[in-house]
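Notes to accompany the following structure.
The values are calculated or read from the model by the stated rules, or taken from the named source; none is laboratory data. Bear in mind the structure is a predicted one, so any value in this text is a computation, not a measurement. Virtual Cβ from ideal backbone geometry, glycine too; neighbours counted across all protein chains shown. Side chains are part of the model used for accessible areas, which takes the heavy atoms of the whole protein and leaves out ligands, DNA and RNA. Shrake-Rupley method; radii C 1.70, N 1.55, O 1.52, S 1.80 Å.
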Amino acid sequence: MASVDLSYSRFLHLLLLYHPISTFPPLPGTSFFLPTLSSPARQLSTGSQQASRPGTEPLSPHIPRGSGPRRPLLRPPPALRQSFHLAPTPPSSLAPFLPSLYSSSSPKLPRPVAGYLRPPRPASSLARHAPLPRPLPAPPLAILLLAPRAPPGPGFLADRPSAFSPGFPPPASFPAASRAPHPRPDLQWRPPSAAPRGQRATTEPPAAVAAAASIACALPASLRLVLPGQSWRARAHVGPGRREARSGASDCWPVGMGEFKVHRVRFFNYVPSGIRCVAYNNQSNRLAVSRTDGTVEIYNLSANYFQEKFFPGHESRATEALCWAGGQRLFSAGLNGEILEYDLQALNIKYALDAFGGPIWSMAASPNGSQLLVGCEDGSVKLFEVTPDKIQFARNFDRQKSRILSLSWHPAGTHIVAGSIDYIIVFDVKSGSITRKMVLDRQHLGVTKSRCIVWGVAFLSDGTVISVDSVGKVQLWDSSTGTLVKSHLIANADVQSIAVADEEDSFVVGTAEGTVFHFQLVSMTSNSSEKQWVRTKPFQHHTHDVRTVAHSPTALISGGTDTHLVIRPLMEKVEVKNYDAALRKITFPHRCLISCSKRRQLLLFQFAHHLELWKLGSTAATGKNGDTLPLSKNADHLLHLKTKGPENIICSCVSPCGSWIAYSTASRFFLYRLKYERGNISLQRVSKMPAFLRPALHILFSEDSTKLFVASNQGSLHIIHLLEGSFKHLHTFQPQSGTVEAMCLLAVSPDGNWLAASGSSAGVHIYDLNHLKLHCTVPAYNFPVTALAIAPNTNYLVIAHSDQQIFEFSIPDKQYTEWSRTVQKQGFHRLWLQRDTPITHISFHPKRPMHILLHDAYMFCIIDKSLPLPNDKTMFYNPLPPKNESDVFLRRTAHAFKISKKYKPLLFMDLLDERTLVAVERPLDDIIAQLPPPIKKKKFGT
């Protein structure tokens, strides 16, 4: 008998039918209880395990009000109660079909009662609802899910012919009811409310599901059903310390969204370096962050806190101080005794100058940015003049016996204050001599410590000096008399950093216990003009030492050993109480550290000083959605490639065929040829790489692995033709006249005809690789680009910006596509725009041109351009059922954005083939577990 596809107005019908116990077996894998009406306390189990799951409750009998026989009804679990509503009208569209099922003359089938279950989906004029049957004396519960089928469209079941039109088929097209043997069904029910909004059917369930459902309502066993919310797909999972595969997840993709076997990778043992110091630039609203490995990152706070630039670390550079001077010029100093200036355009070190004072512990720029101070290990304070090209040594201040650990300028620029061990010194800038010396008290809770280290100082315009020390105190001094004004004991451990607001009405300090304290200058009484410093707000957002803090006009910024950059907005300073007022934690870099070879299913992991090449595992097992499948072959660590020298790796890439690996440091470029023979791998280095390739900021291979594209820090793009174990330089695209900005992102079209390149702030340039010339430039946008990719077949360039805007640009037509114009006209959903992590990767499905796949650190999204865009009134992540029948017709629940938040933190996600995804996660708990132990505070009763 030919199979039949049911089409029914694009929404779900749930028919609760009853059958004699002797003829219908229990449902294995069901996620709620199946009680019998004759014994309310009894719960039907599946196998030897009770069908109890968290978040559900047993179906319990309920005695309705009114006269008549006391017949128990079924109360569904909460998820079902929230998603379906009872109403008194049977479906008229099912009238020709229902009599054969619910005939009053049939002794084996129940008759319908006045009631139906309405799903939370829009319905057409033909859409009605399926009836609830009248209970029989003692039957168990059976389920039939009839799913809608919409007409095929772009990316929507176009390859699956349908036997009927979208309307309900005529009665003649249904074969007569039959009774077939009763196989054990293989069905797992999922609450519709847990699925993304607008979810629709994706695939057909196993034959056992259709057979069991058809038996339950006496439908033909050959009837084919499509279940919305069910995705019969296997997801492979590999966790730390074990090799296993996971099948399914709580996220169900709708029709046309795709079903994927997902390799869930957690063996990327990446640990970000701790934060050592930060420096805030009020003029450009940018934040410079230095990490313990010497890496320096630049965050644009006006561009949704995006990490727009970074400078790779170096083993010999242990940065201890960071500051802005001369407007937009960034300087750092460290324990190697050198002062560095960074080139913010070319993204490299402009020069390094030895201060000749040993390791440098502190640095501060004058209020006008024309002078620079450094505090050295030998006790000297050195003054440098900031010239247009470099910095020039001016003079030494009076030398001290101990190292200078902290420095601060008076706002007038006439005096400075320096913190050392056991004392604080005030210098006159003009003469370089000491004017005041203040000795600290080393007692802490009655115990005298061996020394008191002044970790931070701040000089206010009224002459007040604020110091933080290793005793756990915040102290206020009068610089004119050298006396202590006020002392605050705030911690049992070191107070390591301090930062003062520009208005000098508040300051923030960070402790070794992971706490950040906020002090404010408040009036002593309501009518008094006299003010005092009061500790107002403690914040505990760190697990380890808070090594550095900064104070912007609207936020408190802190960082430390736990690698988190925490931005805590000041609610009294935020004008609009929107998502910008929320707490932000930035842990991972806003660039991709992973590349993938799709053909060989390889992953290349980039660390600071080495690369790891892994081959993904595989499984031959099958299972239901949510199962865990054993791997038949474990993931294999193929290669550990360590760099030579002290420089950190800037970028790396593996070719799609898996035969090439390239990476770059600040001074060297490496290219390797990989060969696979009988399960073994051999590595051959390609020698004599040209010097103009370094330092490379982004490396990319063509789809056929025959070309290598290299973006240098001088703004030029190089094309290398790869031969067997050698190379040939084909062409170099020079930067536009008058610009030397480095290109940080590259994207090549799958057909190899187009290359797109983007800088940190400039627009996106598109090059014609056939004619080796500039094709066009995408119109400039105010926010930096975070990710870009070129779609196959259409050659549409998709660009993601730091403000969460997405543009689609037609490369052949040199203009934005119609979909992109529609998006910009209507706008994105507010919840999409309020995300605080940038999109870091974009890809496309080879067989579904209407789909865009992208992700950030906390979500994976598929955008279906054939579906309508959601507006702000639409439930974006978790749709709720409509409250009344009119909402069904007025609200479209299906929209273009299908989002999964199962994988997080998500460092990389891409398609391996049409039905396989790879997701690389890095749980924060694993990172914290590898950090040194924090200071433990004894709790009461322990």
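Remarks
- Accessible surface calculations at 1.4 Å, restricted to protein heavy atoms, place segment 393-546 at 44 Å² per residue.
- Checking the cross-link pairs LYS615/LYS675; LYS642/LYS707; LYS401/LYS486 against a 19 Å limit on the alpha carbon distance flags LYS642/LYS707; LYS401/LYS486 as lying beyond it.
- Segment 645-672 and segment 362-425: distance between their alpha carbon centers, rounded to Å: 40
- VAL500 contributes about 40 Å² of solvent-accessible surface, heavy atoms of the protein only, 1.4 Å probe.
- For segment 273-338, a simple Cβ point-charge model (Lys and Arg +1, Asp and Glu -1, everything else neutral) yields a dipole of about 160 debye relative to the Cα centre.
- The alpha-carbon of LYS904 sits under 20 angstrom from the alpha-carbons of these aspartates and glutamates, leaving out residues fewer than 8 places away in its chain: GLU244, ASP251, GLU259, ASP562, ASP627, ASP836, ASP856, GLU921, ASP925, ASP926.
- Accessible surface ranking that places the most exposed of THR481, THR706 first, with a 1.4 angstrom probe: THR481, THR706
- With DNA, RNA and ligands ignored, accessible area of HIS518 (1.4 Å probe; Å², nearest 10): 0
- Surface per residue (accessible, 1.4 Å probe) for segment 755-843, Å²: 39
- Per-residue SASA entry for HIS698, accessible area with 1.4 Å probe, Å² rounded to 10: 40
- Straight-distance crosslink candidates among lysines, where the alpha carbon sits under 24 Å from LYS873 and sequence neighbours closer than 8 are dropped: LYS577, LYS825, LYS865, LYS883, LYS898, LYS901
- For segment 732-849, with all protein chains in place and a probe radius of 1.4 Å, 50% of the accessible heavy-atom surface sits on carbon or sulfur.
- Residues ARG848, ARG403, ARG678, ARG535, sorted by accessible area with the largest first, give ARG678, ARG535, ARG403, ARG848 [1.4 Å probe; ligands and nucleic acids excluded].
- Protein-only accessible surface at a 1.4 angstrom probe places the residues PHE356, PHE733 in the order PHE356, PHE733, largest first.
- Whether segment 291-418 is rounded, prolate or oblate, judged on the alpha carbon gyration tensor where a/c under 1.5 counts as rounded: prolate
- For PHE670, neighbours were defined as the other residues whose beta-carbon sits under 11 Å from its Cβ, and their charges (Lys and Arg +1, Asp and Glu -1) total +4.
- Radius 15 Å from Cβ of HIS541, net charge of other residues (Lys, Arg +1; Asp, Glu -1): +1
- Solvent-accessible area per residue in segment 619-729 equals 45 Å², computed with a 1.4 angstrom probe and all protein chains kept.
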